[in-house]
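Only one structure is covered here, and it is reproduced in the block below.
The values are calculated or read from the model by the stated rules, or taken from the named source; none is laboratory data. Only a predicted model underlies this, so the values are computations on that prediction, with no experimental measurement involved. Positions of Cβ are backbone-derived with ideal geometry, glycine not excepted, and every protein chain shown enters the neighbour counts. Calculation scope for accessible area: heavy atoms of the full protein, side chains included, ligands and nucleic acids excluded. Shrake-Rupley method; radii C 1.70, N 1.55, O 1.52, S 1.80 Å.
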Amino acid sequence: MKQSKTLIPTLKETPADADTSSHKWLLRAGYIRQNFSGVYSFLPLGKRVLDKIEAIVREEMDNIGANEVLMPALQSADLWKETERWDKMGEELIRLHDRHGREFVLGPTHEEIVTSLIRDEVKSYKKLPLTLYQIQTKFRDERRPRFGLLRGREFIMKDGYSFHDTDEGLDQGYQEMYQAYCRIFERLGLNFRAVIADSGAMGGKDTHEFMALAEVGEDTIAFSTESDYAANIETAEVLDIYEVSTEEQKPLAKVETPNQKTMQEVADFLNHSLDQGMKSLLFKVDEDYVLVVTRGDHEVNEIKLKNHLHAKEVTLVDEEKSLELMKTGFGSLGPIGVSDEIKVICDLAVRSLANASCGANEDGVHYINVNPSRDLPDVEYADLRFIKEGDRSPDGKGIIKFTEGIEIGQVFKLGKFYAEKLGANYLNQQGKAETVTMGCYGIGISRVMAAIVEQYHDDKGITWPTHLAPYQIHLLVLNHKKAEQRELADQIYQQLTEAGFEVLYDDRDERAGVKFADSDLIGIPYRITVGKKASDGIVECKIRQSNEQDERHESELLDYFRELF
Ligand code: 9G3
């Protein structure tokens, strides 16, 4: 392709709204342009990279016998009402009317559509297992679109769905998809981890997220230093391996803590470390109120709390509600003497405290020498805290460290939720109607493109993995006006293109400096520069990632690139 004939609007400066590396480089190198918040156009270079990513995904999906389909973006609200997601989903679900006033959604995902298809078309166990997938545009009205393609409101997803007649079948389908995802992300050259994740609203059992490691990642991953354990910190369980203190139990006592409000102030005033104090937070859990107690140096994990109580809604109450219910403000809440209508749950770490302090449910008063076995006889204990760096890994091997990740894929065991709601049944071998069991699997295609740039760039631009770049070779002619340069470049372009190489030919009437800067921005792995030595047939070859360069005679180029590819 000749650059004088295509559209690659590079930018010298970083646009103000570029809020992460991939956003900055994809804008500056002319791969994408924002139409409006969270909505982008892929320009020619961007489209070519998308196609290469999709080709790898298709190959691996077809390898495991998944069947590609294409389902509509426009979905009838009726199906979403049958699964009760029409009401449950918030503002993120884009709802609209057609000309007849009928209600629709712009599809954020396709469980409803694909399950209704199976309900209508699959009636016998002989047709199972079956896996369908698509690569299609999704719509989610994110409150705060940001980081370019990483969190858009319209994006490209590969979403796959598997249908089984047994749980074992689902387990096997899930494993096959999991392995296919590992192959896809390895082929994409991504540094990734498969992490145990929280199935949250999806209601399934097992679920794993695939995270591309990058400091801009919005998810924090807890991983073990000595095993392949990795989990989203929302889910990472904490081992109950607290040694019970041997300290002799002192008598419970109340002390005035007149101006001490925060945990640290109380700990300093009572002359003990944070982990000798109890922190109590009051939550509204669906229609109930729950007092959650953790050690002073730990944080409540609200996802764990919600899952433990099988709740739909968990929110921290405000100070006035705390005063109304507990007759005291946040600084003096505690688990002793709480009225029966408020359940008290303590994180596991609290159980092994000895002679600890806690709020006395009176403003400016705390208890000291609290010994849970004696003073908290009927509280419940559960794993409710966030895992911390330095905790022992839940698999018992090594300790936990944190890193940031971009969620690029997820695999879910959905079970029967959607099939039950939509009546997707099949006749089993005995002719009895059974509900289909499902799995669902997603890869953020456009998000993956940005994740790759997060991992492959330097201070001059993008450094694509060779097989993902929009072109394989970038051919620059420094002075198009000089016949010997132009003729040699034209000849090299024709020869390499005819040999099957993907060549981007910078034939523009631009200064050499502009061409080099643009070439570094765009990030094509190999560059040929035709310049002063053209009359001797000598050109310069440069490798973008390593910056190494050397001179070659044009007659060597074909063999050189055949060797490289
Ligand atoms: C919605 C909206 C946003 C959503 C969903 C529904 C996420 C929703 C979870 C999934 C699960 C899997 C198939 C591919 C892999 C992921 N955000 N999810 O269901 F209405 Cl507005 O999408 N779906």
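Data for the structure
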quantity	calculated
Tally of residues being open to solvent by 70 Å² or more (accessible area, probe 1.4 Å) and away from the ligand (no atom under 12 Å from the Cβ) across segment 68-102	10
Considering residues of segment 427-451 that are open to solvent by 10 Å² or more (accessible area, probe 1.4 Å) and not small (Gly, Ala, Ser) only, the residue farthest from the ligand (Cβ to nearest atom)	Gln430
Per-region count, segment 524-542, residues touching a strand residue (DSSP E or B) at 6+ places or on another chain (Cβ under 6 Å) and not polar (S, T, N, Q)	11
Any chance Leu132 is crowded, with 19+ Cβ neighbours inside 10 Å, at pLDDT 95 or above, assigned to a helix (DSSP H, G or I) and not small (Gly, Ala, Ser)	no
Residues of segment 103-121 that turn out to be in contact with a helix residue (DSSP H, G or I) (Cβ under 6 Å, 6 or more places away or on another chain) and open to solvent by 60 Å² or more (accessible area, probe 1.4 Å), as a count	1
For Glu142: the one exception among (1) closer than 22 Å to Val411 by Cα; (2) more than 13 Å from the ligand (Cβ to nearest atom); (3) assigned to a loop (DSSP other than H, G, I, E, B)	(2)
Output for segment 506-526, where each listed residue is crowded, with 19+ Cβ neighbours inside 10 Å and of a type in the set (A, V, I, L, M)	Leu521, Ile522, Ile524
Lone qualifier among Ser332, Ser357 - being modelled with pLDDT of 95 or more, surrounded by 21 or more Cβ atoms within 10 Å (Cβ to Cβ) and among the hydroxyl-bearing types (Ser, Thr, Tyr)	Ser357
Residue within segment 240-259 that is under 28 Å from Phe402 (Cα atoms), within 31 Å of the chain's Cα centre (by Cα) and surrounded by fewer than 21 Cβ atoms within 10 Å (Cβ to Cβ) present	yes
Any chance Ala424 is within 19 Å of Phe163 (Cβ to Cβ) and either open to solvent by 10 Å² or more (accessible area, probe 1.4 Å) or charged (D, E, K, R) (or both)	no
Evaluation of Arg48 against (1) crowded, with 18+ Cβ neighbours inside 10 Å; (2) within 16 Å of the ligand (Cβ to nearest atom); (3) in contact (Cβ under 8 Å) with a residue 60 or more places away in the chain (one fails), failing number	(2)
Residue in segment 395-407 that is over 30 Å from Thr115 (Cα atoms), surrounded by 16 or more Cβ atoms within 10 Å (Cβ to Cβ), aliphatic (A, V, I, L, M) and modelled with pLDDT of 95 or more present	yes
Residues of segment 56-82 classified as more than 11 Å from Ala180 (Cα to Cα) and of a type in the set (Asp, Glu), total	3
